[in-house]
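See below for the structure under consideration.
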Amino acid sequence: MTQRAIERIKSMIGQGLLEPGQRLPTERDLAAELGISRSSMREAIRALTVMGVLEARHGSGIYVTRLEAGDLLETFGVVADLSRGPRLVELLEVRRVLESTAAALAAARITPDRLAEVERHLTAMDATDDPEEILAHDLAFHREIAAAAGNDTMAAILEGLSSRTFRARVRRGCQEEDAFARTRREHAAIHRALVARDPDAARAAAAAHVAEVEEWLRGQAGG
């Protein structure tokens, strides 16, 4: 019954009967309207709140969220965070496909201001040998490119994939002496492609960059 309630509420949102930011009817009224017990409706609302579809506002009621990709895909990051071994390698494969696509789109769409931000993080990576600082700017570098691609859903997925591989890149940096030097070179190649507004070069450079981490993880996983 709870699953039925979840599907009915999702259907109402999908059909436009409930809009982003709109307040839901009371739990009692909604349960009566859908022919579902209040306890099942309560569990459904709780589940949809965890998913980022609904939000509870203290003293005001339950509302449909803005339904933005970052909110709805937040739970995807949990899958990435808990994955190990071969499954983590699979996630890196997905990241390679999306990161290369994002870079290609960014090469065609990036604004001068955002390109300057990409360059700022690249310069910051070159100016330090501190692993945490390098990796922080690494994440920011990719975040700017994903945003420049102009696809919020892709950017949200990449945010989860990139941040969840943070620890893996830390280990790689500590274990492989030239890992950060390669990372700097690979980021510079991506940046050059963005400056040149060359989608094909950007796609190839981004794919090669993620493939380095992917192959390292594959070796760690014994695959």
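At 7 Å along the Cα-to-beta-carbon direction for both Thr123 and Lys10, put a label point, then send me their distance in nm to one decimal.
For Thr123 paired with Lys10, the spin-label model returns 4.7 nm.
When you count, for each residue, the other Cβ atoms within 10 Å and take the mean per peptide, how do 89-97, 205-213 rank with the highest first?
Highest mean packing first, the order is 205-213, 89-97.
Taking the alpha-carbon set of region 33-173, what are its Rg and Dmax in Å?
18.9, 63
Express the relative contact order of the chain as a whole percentage, based on alpha carbon pairs under 8 Å and six or more residues apart in sequence.
About 23 percent, as a whole number.
Got a number for carbon plus sulfur as a percent of region 1-141's accessible area, 1.4 Å probe?
Here carbon and sulfur together make up 52 percent of the probe-accessible area.
Using the Cβ atoms and a cut-off under 13 Å, what net charge is assigned to the surroundings of Val97, where Lys and Arg are +1 and Asp and Glu are -1?
Taking every Cβ under 13 Å from that of Val97, the sum is -1.
Mind putting a number on the dipole of the chain about its Cα centre? Charges go on the C-beta only, +1 for Lys and Arg and -1 for Asp and Glu, and I need it in Debye to the nearest 20.
760 debye
How large is the charge dipole for region 1-72, taken about the Cα centre, if only the Cβ atoms of Lys, Arg (+1) and Asp, Glu (-1) carry charge, to the nearest 20 debye?
180 debye
Compute the FRET efficiency between Ala116 and Ser39 as 1/(1 + (r/R0)^6), taking r as their Cβ-Cβ distance and R0 = 41 Å, and round to the nearest 0.05.
Here the calculated transfer efficiency is 0.15.
Below 8 Å, C-alpha to C-alpha, sequence gap of six or more: please give me the relative contact order for region 1-124 in percent.
Values: 82 pairs, mean separation 25.0, N = 124.
The value is 20 percent.
Can you find, among Ala31, Leu73, Gly52, the residue farthest towards the positive end of the dipole of region 17-91? Put +1 on the C-beta of Lys and Arg, -1 on that of Asp and Glu.
Ala31
In square angstrom, what is the accessible area per residue of the chain with a 1.4 angstrom probe? Walk me through the numbers before you get to the answer.
Numbers: 11600 Å² over 223 residues.
On a per-residue basis, 52 Å².
The values are calculated or read from the model by the stated rules, or taken from the named source; none is laboratory data. Here the structure is a predicted model, which means the values were calculated and not measured. A quick note on method: Cβ atoms are made from the backbone with ideal geometry, for glycine too, and the neighbour counts reach across all protein chains shown. When the accessible area is computed, the model is the full protein with side chains, heavy atoms only, and any ligands, DNA or RNA have been set aside. Shrake-Rupley method; radii C 1.70, N 1.55, O 1.52, S 1.80 Å.
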